[in-house]
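Heads up, the thing below is written out as structure tokens.
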Amino acid sequence: MIPAAFDYVAPTTVEDALAALAQYGDEAKIIAGGQSLLPVLRMRLNAPEWIIDLGRIESLRGVRDDGDAIVIGAMTPHVVVGSDPLVAEHASLVAKAVEHLADAQVRHRGTFGGALAHADPAGDLGAPALALGAEFVIAGSGGTRTVAADDFFVDLFETAIGEDEILTEVRIPKRTGWGATYEKFVRVAHQWPIVAVAATVRVEGQAGDRVFAEARIGLTNMGSTPLRARAVEDALVGQPVTDDAVRTAAALAADGTNPPSDLNGDADYRRHLATVLTRRAVLDAAGA
Amino acid sequence: MTATQERPSDAIEKEIGRDRRRKEDQRLITGRTRWTDNIVLPGMLHLAMVRSPFAHATITSIETADAKASTNVVDVLTGADFGAELGAIINAWPITPDQVTPAHSPMPADRVAFAGEIVAVVIARTAAEARDAAELVEVEYDELPAALDLKRSAADEVLAHPDLGTNKSALWVFDSAEAGTGGNVDEAIAKARTDGIVIEREYRQQRLIPAFMEPRSVVVDPTGEQYTMWSATQIPHIVRFALAATTGVPESKIRVIAPDVGGGFGGKLQVTPEEWIAWAVGRRLGKPVKYTETRSESLMSAHHGRDQWQKLTLAAEKDGTVTGLKVELLADLGAYVAIVGGGVPVLGAFMFNSIYKFPAYHFAVQTVLTNKAWTDAYRGAGRPEATYAIERLMSELAAELGVDPLEVREKNWIKHEEFPFTTVAGLEYDSGNYEAATAKAKEMFGYDELRAEQMARRASGDTVQLGIGISTFTEMCGLAPSRVLGQLDYGAGGWEHAEVRMLATGTVEVITGASAHGQGHETAFSQIVADRLGVPFESVEVLHGDTQVSHKGLDTYGSRSLVVGGEALVKAADKVVEKAKPIAAHLLEASVDDIEFSQGRFSVRGTDQGLAITDIAGAVFAAHNLPDGVEPSIDSEATYDPVNFNYPHGTHLCAMEVDTETGAVKMRKYVCVDDIGNIVNPLIVSGQVHGGLVQGIAQALWEEAVYDDSGTLVSGSFVDYLLPTAADTISFDIGHTTTPSLTNTLGTKGVGEAGTIASTPAVVNAVVDAVRHLGVDDIQMPCTPERVWKAINGPGSGGSTEGAAMPHFESGGAAGNQEQPGTASTDGAGS
Ligand SMILES: Cc1cc2nc3c(=O)[nH]c(=O)nc-3n(C[C@H](O)[C@H](O)[C@H](O)COP(=O)(O)OP(=O)(O)OC[C@H]3O[C@@H](n4cnc5c(N)ncnc54)[C@H](O)[C@@H]3O)c2cc1C
């Protein structure tokens, strides 16, 4: 379908982009990879008068090492994130999640920041970002602020990014040497997850006597935002890496969640899936 | 560069049976071709449709002033502006004399009967401007209660068309006792209740969407004398006939062209409101117009398929010998009776008994009107529904008996030495060998090993269970003997037409009335003609799809092109040879009786004298030296009416793994051995089988058109209507046995629908088989993980699908002010 007519600017600096945002206000929409915005425009669910394209702002692209964290530029395409060695080494959970995100075409155009800013509760990047305790760097006319993952996701399609602000980068504290698994449950390969579990764990001890030292678990599509399965995390710490121990802890995965009901499953089924997928994700992340 | 292979030095190698790569693929794949939407005519205007967001409503007013004032808008027209000038959308197959058929205007002026129905058309200089203006058309509706659920609609709780007084359109019955083709089924069932086995089941055939790759598109060019319509249709000839019949334009003034068409699967076997509106607008304005639908419009308003409830009763003796089959169907027509409409379930009526020797059979279908998109043919049309029912039932009978499902099939099927066999439905199966196909399939599958693994997994209580599903199907294809269609009150015949033109410079033009839309006719028909006339494959050009070039034809559907159209072609080619023979004799100064034709050459028996058929074509063109009284032409045509259907069959075996913890299913192995008679092009056949299998598997596992309580199509984009991709399927093992059909010269049988017809029950049988020991005997299609998990963990077949879609896109404040039909709850990326 054909979108309604709009005007288009492609600034080359964050400052210019912010200025454009300030100028056009709520008549404007930012476009990153366009993989969520373009369908909205084509179906005429929205008809902004201005499209501000971040695609020419070089400073928003790429992954860099920043001491105890890695920093992913908002405009870094999924495919780059998925194959980046820093991500693989220090935030492998993100790499695992990107691997099964959409299809190759979408992964080439869609961006890390765009997906997080879009805040679809079925999006694959929210749960890993939350589990890893990412920090979101947001630029506005008054300067730059940093928002913790726990405060970033506000509601369905709603984040802490203000109308006149731009997400510039995401800082992810290094979790080097942690095991990670993203268990995505779909009916066909190119689908958004019905439920997914992002688990990353640090295991201590020798073979045969391994225990969970730390665990961080995020849930996708179990509520209107990505969620942490804190009850499971707490129950795991200090437990041996065994099927039984993980099963007991994972049974708590649906605690405090509020999953949707739709064509692919009702809320009860999703709660059940969350426990099974959490068990599998944790065991796999622990290398068990 | 050419996509076809080099011709080997051994030029007498037979073309038929060769793995020719398709001639047409290079242009289709690279896009260097004509699709309807590519056509650009001078001064052409563009249309956008305004569609009802409501399933059932009275139109109280349509305000078009703002839209008319919008940039570059030429006009905005409603049903009221047109009246009878619009013509009507026809149903060609009233299945009973008293069928209740609602009048179907392409653009109703007073009342809409499904969400997506067109209420106004905007005509503008560009497609974007037409779309913009469509947002400005203000339509006021008074919503009416909508008939949505099939069973409740059959009870006339709410009427889809209040003026008709009922939703029940037609009741079509076949009874073997009445027809004299078998016994009384109620007696058989009563007897089985006392001393035999009765299997009673109710199965749901969910609603599917054909989802062809190329959206529908139409261009109308009203030149002074003649009107030309290009349409992405499967049926240019039928469209032409219907335009003449309903719009008052003489047929001789109408030219319909189906250029390259990107798939149909039955979904383009239709005469559509969009075509009729474009026609009326083009005529009224005297300008060329184009309309191309969006994917959302396509999913919502192009016809859907299947959608039945099947109540089934199978009677058998204690040893598993079947004694009777009773089939009671409810079939959802949607809001209107489409061109084939209620004929689709009737096409299945002859197939429920399938390959089994039922002594008694009763079939009844009640067609029902609802306020949903209309339904019509979708790959297999009636036969997948029938095959699903019987193949599920035979597996249930086996489970009841505690025997292997292949055993109970073998006990009841027609043995190869029993052909020709007249079935309880009154069809004469000419040939087949179910034993051979099954034996080969079992071997390819490793049947015994997989059964052993299944037992081991059950014994160990593995969380992943294995199931084996069987489908020993047959189908009737090659639609159809005209006489049979006449007996069934179908509005046309089932013949096909072909012409062979021998060009002066040695090449050959072949014209077929079977209008291809992705099947590979150009290649397969070239192979047939190359063999028949002894000319190189490359020298044959196949023309089709333009009623001015191919003036007679009944188009492509129902696995008919090769078995009916191919036979017409054989007959036309043979006529060429017959016409050329006296000329050859004359030129070779021999008696006609001494002339032989072989491998493209006429020769004088017992001599080395001869002339190529292409030389004769040249001589005929010059016409300098022809025998007295012989016309200077060896071009020929033939119209062929089949004497019988033909009956491909096969054995499909499927192994599915079921994750009992989540309900997820995974295909492990799929083997099919299809007997489709002689094969013209094995590569094309493989393509048809693979594609067909995936479509059938998709019904079993993924696809379902779901409406919510207000009649909005929830699965209104490819985010929610789950089409599989290559990533979701495995590599299939396909094989063949060959029992040539006796009803056509080439001994071929149809293959276009076989995979789709056979695979659905094979997959569901496998899924059920994997968890039968957990107390499951049915899972409703599509077998979603949720349904499988619920079936394992509770009573029932997993329940119906929740009528809600997950939005992945938010709608913003600055949205256009006209509600887009369906998008309220069906957001998706497939627009
Ligand atoms: C067919 C298909 C399948 C998909 N499947 C999946 C899937 O399985 N899993 C998954 O997670 N995702 C999936 N997606 C979505 C994909 O991940 C998108 O790339 C992502 O949601 C949006 O990223 P984008 O860069 O394309 O953003 P855009 O579409 O350009 O923007 C999305 C929204 O975010 C805003 N925005 C973008 N960048 C910024 C910024 N820097 N600051 C502030 N606001 C910003 C935009 O204004 C817009 O509202 C799929 C998309 C498609 C089309």
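No lab work stands behind these numbers, since they all come straight from the coordinates. Source: prediction; values computed, not measured. All Cβ positions, even for glycine, are placed from backbone atoms using ideal geometry, and neighbour counts span all protein chains on display.
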*For every other residue with a beta carbon closer than 10 angstrom to the beta carbon of residue B:177, add +1 if it is Lys or Arg and -1 if Asp or Glu, then tell me the sum.*
-4
*Take the alpha-carbon centre of region B:29-43, take the same for region B:363-415, and report the distance between them in whole Å.*
42 Å
*Among bridges DSSP assigns within the protein assembly as shown, what percent are antiparallel (round to 5)?*
80 percent
*Averaged over all directions, how much area does the convex hull of the C-alpha atoms of the protein assembly as shown cover when projected, in nm²?*
48.6 nm²
*Which of the aspartates and glutamates could a cross-linker span from residue B:287 if the Cα-Cα distance has to be under 12 Å and same-chain partners fewer than 8 positions apart are dropped?*
B:221
*Neighbour net charge for residue B:346 - beta-carbon separation under 13 angstrom, K R +1, D E -1*: -2
*Taking the DSSP beta bridges in region B:256-392 as the whole, what percent of them are antiparallel, to the nearest 5?*
45 percent
*Partner chain coverage, peptide B:653-663 - average Cβ within 10 angstrom*: 2
*Under 12 Å Cα to Cα from residue A:184, which aspartates and glutamates show up? Leave out anything in the same chain fewer than 8 places away.*
A:99, A:124
*10 Å Cβ neighbours from other chains, averaged over peptide B:784-791*: 5
*Please report how far the C-alpha centroid of region B:61-86 lies from that of region B:666-740, rounded to the nearest whole angstrom.*
42 Å
*May I ask you to sort B:394, A:43 by Cβ crowding, counting other Cβ atoms within 10 Å and putting the fewest first?*
A:43, B:394
*Count, for each residue of B:800-806, the Cβ atoms from other chains sitting within 10 Å of its Cβ, then give me the mean as a whole number.*
5
*Does chain B come out rounded, prolate or oblate by the C-alpha gyration tensor, with a ≥ b ≥ c the root eigenvalues, rounded set by a/c under 1.5 and, if not, prolate when a/b is larger than b/c and oblate if not?*
oblate
_Expected 222 nm ellipticity per residue - DSSP helices of 4 or more, -39500 (n - 2.57), all of the protein assembly as shown, to 500_ = -8500 deg cm²/dmol
*asked:* Per residue of region B:691-696, what does 6.51 cos²θ - 1.76 cosθ + 1.60 with θ = phi - 60° give for ³J(HN,Hα)? Whole Hz please, x for Gly and Pro, Karplus curve as stated.
replied: x, x, 4, 4, 5, x
*Please turn the phi angles of region B:104-109 into ³J(HN,Hα) values with the Karplus equation 6.51 cos²θ - 1.76 cosθ + 1.60 (θ = phi - 60°), one per residue in order, whole Hz, x for glycine and proline.*
10, 7, x, 8, x, 9
_Report the Cα centroid-to-centroid distance between region A:1-57 and region A:71-106 in angstrom, as an integer._
24 Å
_Per-residue Cβ neighbour rank within 10 angstrom, fewest leading, A:220, A:12, B:78_ = A:12, B:78, A:220
*Please give the net charge around residue B:396, taking every other residue with its beta carbon less than 9 angstrom from that of residue B:396, where Lys and Arg add +1 and Asp and Glu add -1.*
-1
_Relative exposure of B:614, B:523, judged by other C-beta atoms within 10 Å (fewest first)_ = B:614, B:523
*Backbone HN-Hα couplings from phi across region B:422-437 [Karplus 6.51/-1.76/1.60, Hz, Gly and Pro as x]*: 8, 8, 5, 8, x, 8, 9, 6, 7, 7, x, 8, 6, 4, 5, 4
*Once you mark the GluC sites (Glu not before Pro) that are in a DSSP loop and have at most 12 other Cβ atoms within 10 Å, what is the longest gap between them in chain B?*
B:226-588
*Any idea what the dipole of the protein assembly as shown comes to, in debye rounded to 20, about its Cα centre with Lys/Arg Cβ at +1 and Asp/Glu Cβ at -1?*
1120 debye
*asked:* Is there a quick way to get the dipole size of chain B? I mean about its Cα centre, with the Cβ of Lys and Arg at +1 and of Asp and Glu at -1; what is the value in debye to the nearest 20?
replied: 600 debye
_Explain nothing, just the number: dipole magnitude of region B:495-640 about its Cα centre with +1 on each Lys and Arg Cβ and -1 on each Asp and Glu Cβ, in debye rounded to the nearest 20._
180 debye
*So which of B:552/B:749; B:151/B:268; B:168/B:666; B:151/B:411; B:268/B:571 end up more than 32 Å apart by C-alpha?*
B:168/B:666; B:151/B:411
